[in-house]
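Student: What follows is a single structure, and I will ask about it in a moment.
Laboratory data are not the source of any read-out in this text; all were calculated from the coordinates shown. Remember, it's a predicted structure, so these values are computed and weren't measured experimentally. Positions of Cβ are generated from backbone atoms using ideal geometry, with glycine treated the same way; all protein chains shown enter the neighbour counts.
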Amino acid sequence: MVFSGVTFLYYFLPIMLFIYFISKTKYKNIILLIGSLLFYFYGEPKYIIILLLSGIINYFIGKKLVSKNKKIYLILGLTLNLGLLFYFKYFNFLLENINNIFNSNINYINVIIPLGISFYTFKNISYLIDVYNKKVKPSNNLLNYLVYISLFFSTLEGPIVRYETIEKQLVNRTSTKEMISKGITRFIIGLSKKVLIANVLGGLVNSLTLLETKSVVSYWLKAITDILRLYIDFSGYSDMAIGLGLIFGFTILENFDYPFTSKTMTEFWRKWHISLSSFFKDYVYIPLGGSRVNKLRRLFNIMVVWSLTGLWHGASYNFIIWGLYFGIILLIEKKFFYNLFSKHKFIGTLLTNILVIIGFVFFYNEGLKDALISLKSMFGLNHIDFINLETIYYIKNYIVVLVLGYLISLKVFNKIINKLKNNKIINLMEPLLLIVLLLVSTAFIIDESFNPFLYFRF
């Protein structure tokens, strides 16, 4: 079940909201837990037990992190969580490398990655570390903790919600009219971004991938469309998650802050997938010593963080190289170009975006060979035409949605909305506009068979 599906929009969510809001306060967390488990069960019935056991085990380990042996329990908790993640996500990758190195033929395990395992595992890890460091007290209510782990609006695609940010809301929360109104608006906007822009851009990506005769421009167009589609899709899902959180009385932190407006790569990664970036900063980079160590150790810390960031996205050398690429770019930037890029907005933003587009070529291609072919072609090294009629055809047909997607990524619409907030006519029309967006999005969902969920590997 996905947010951008008819089943969720017109069956699960209305029923969930109705039952939740007619229930007494003392039953709301029970309703939320049951609803979240049903949501997860719909997409992953086989592995729902892992989600539940993971939550239960980490709950009891958390209670031990205030004892004299808390370090042992922390190590145990981290080992169990990382071991679970390694088994499902990386064990076959390890076997593949062993077979390649030693020319062996070890059989792979037949396993499917449980939906959202990276997200809820990182939730558990952040909770254990925060309890250990006395940033939060251990939960004294198993129900509340299971709600935290399984929240249906953040389990499958994030953001990575930390326990400390919603600790009080798990115990006592109120869904005010203002929160519900903001939540509905945010959800519909996120849905529209996903369905009306991202899905259409996804269709363009598929068409460009299948082109029989490709050109330099077609490779650049695909690379740009790939990153733009991912941003709008992922930020759209984050909008929907934040909106649903508000409706149910939760305030979830932002996950994107218009990263393509960044003047530096450092700024870009502060604004892109913020919950993941802050996780690696707080739980890996700083514990390793952060920037308070000598230059060589700092270099090591940065490369470790970015290697792990790449691996988090998937068990592939493509993702490792993707992570190392950005780690190296960040090091070079901090050493030579940070002040220059910071002072010259246009140059800094342009170069940052170009470097991001190039880096994400490794992210989208399934193998290193395909990624290198794409990069060579983008720079005219594969003896192909600069542009051809097929490329021009797709530019003409998708120019409107490409421009809309680009404008969305640059705060343009957000600035317009902020200027019109005090306009009485616009305020009166807002509910009608939201209904129109919802209906049009629904029509697209029903009419189009292309409505992918991009986060199965997570």
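Student: Give me the dipole magnitude in Debye, nearest 20, for region 75-159 about the Cα centre, with unit charges on the beta carbon: positive for Lys and Arg, negative for Asp and Glu.
Tutor: 340
Student: Ok, one more. Tell me, what HN-Hα J-couplings in whole Hz come from the Karplus equation 6.51 cos²θ - 1.76 cosθ + 1.60 at θ = phi - 60° for each residue of region 370-384, using x for Gly and Pro?
Tutor: 5, 4, 5, 4, 4, 5, 4, 5, 4, 10, x, 9, 10, 6, 10
Student: Based on the mean of other Cβ atoms within 10 Å per residue, sort peptides 89-96, 304-311 so the most packed one is first. Numbers along the way, then the final one.
Tutor: Numbers: 89-96: 15.8, 304-311: 19.4.
Descending packing order for the listed peptides: 304-311, 89-96.
Student: Moving on to the next point. Which of rounded, prolate or oblate describes region 150-200 when judged by the alpha-carbon gyration tensor and an a/c cut-off of 1.5? Intermediate results must be reported in sequence, preceding the final value.
Tutor: On the way: a/c = 3.61, a/b = 1.50, b/c = 2.41.
Oblate, since a/c reaches 1.5 and b/c is not below a/b.
Student: What nm value, rounded to one decimal, do you get for the distance between I34 and F86 when each label is placed 7 Å out toward the C-beta?
Tutor: Those two pseudo-labels are separated by 4.0 nm.
Student: For region 6-172, what is Rg from Cα atoms divided by 2.2 N^0.38 Å, rounded to two decimals?
Tutor: Values: Rg = 18.1 Å, N = 167, 2.2 N^0.38 = 15.4 Å.
Region 6-172 yields a ratio of 1.18.
Student: Moving on. Treating the beta-carbon of each Lys and Arg as +1 and of each Asp and Glu as -1, no other charges, what is the dipole magnitude of region 6-172 about its Cα centre, to the nearest 20 debye?
Tutor: Dipole magnitude for region 6-172 comes out near 840 debye.
Student: Classify region 155-288 as rounded, prolate or oblate, taking a ≥ b ≥ c as the square roots of the eigenvalues of its Cα gyration tensor: rounded when a/c is under 1.5, otherwise prolate if a/b is larger than b/c and oblate if not.
Tutor: Oblate.
Student: Oh, and also: Only counting other Cβ atoms within 10 Å, I'd like I72, I232, I328 sorted with the fewest neighbours first.
Tutor: Numbers: I72 12, I232 27, I328 15.
Ascending number of Cβ neighbours within 10 Å: I72, I328, I232.
Student: Let me ask you something else. Please list, or write none, the lysines whose alpha carbon is within less than 16 Å of the alpha carbon of K343, excluding same-chain residues fewer than 8 places away.
Tutor: Hits, sequence-local ones excluded: K263, K334, K335.
Student: Please work out the C-alpha center-to-center distance from region 12-89 to region 162-208 and express it in whole Å.
Tutor: 21
Student: Which value in nm describes the separation of the simple spin-label points at I57 and Y10, placed 7 Å from the Cα toward the beta carbon?
Tutor: Reported label-point gap for I57 and Y10 is 4.2 nm.
Student: If each residue of separation counts as 0.36 nm, what is the full-extension length gain between E164 and S307 once their alpha-carbon separation is subtracted? Walk me through the numbers on the way to the answer.
Tutor: On the way: separation 143, 0.36 × 143 = 51.48 nm, distance 2.69 nm.
Answer, rounded to one decimal: 48.8 nm.
Student: Can you compute 3J(HN,Hα) from phi for each residue in region 326-337, using the Karplus curve 6.51 cos²θ - 1.76 cosθ + 1.60 with θ = phi - 60°, rounded to whole Hz and x for Gly and Pro?
Tutor: So the Karplus estimates, Gly and Pro as x, are 6, x, 5, 4, 5, 5, 4, 4, 4, 7, 10, 10 Hz.
Student: So what is the calculated 222 nm ellipticity per residue for the chain, using -39500 (n - 2.57) for each DSSP H run with n of 4 or more, over all residues, to the nearest 500 deg cm²/dmol? Show your work: numbers first, answer last.
Tutor: Details: 21 runs with 309 residues, N = 458.
Result for the chain, helices only: -22000 deg cm²/dmol.
Student: Output the peptides 157-165, 130-138 sorted from most to least packed, where packing is the average of other Cβ atoms within 10 Å over each peptide's residues.
Tutor: Per-residue Cβ counts within 10 Å, averaged per peptide and sorted highest first, yield 157-165, 130-138.
Student: Grab the beta carbon distance between M429 and L142, set R0 = 60 Å, and tell me the FRET efficiency rounded to 0.05.
Tutor: With a Förster radius of 60 Å, E is 0.80.
Student: Are any of the pairs K28/K71; K345/K369; K194/K411; K123/K168 more than 28 Å apart by Cα-Cα distance, and if so, which?
Tutor: Working: K28/K71 35 Å; K345/K369 35 Å; K194/K411 17 Å; K123/K168 16 Å.
Check vs 28 Å cut-off fails for K28/K71; K345/K369.
Student: Roughly how big is the chain's charge dipole about its Cα centre, with Cβ charges of +1 (Lys, Arg) and -1 (Asp, Glu), in debye to the nearest 20?
Tutor: Here the chain has a charge dipole of around 2040 debye.
Student: Can you run phi through the Karplus equation (6.51, -1.76, 1.60; θ = phi - 60°) for region 263-275 and list ³J(HN,Hα) in whole Hz, with x for Gly and Pro?
Tutor: Coupling constants for region 263-275: 8, 9, 5, 4, 5, 4, 7, 7, 10, 9, 6, 4, 5 Hz.
Student: Continuing with the same structure: If packing is taken as the average count of other Cβ atoms within 10 Å, what order do 314-323, 431-440 fall into, highest mean first?
Tutor: 314-323, 431-440
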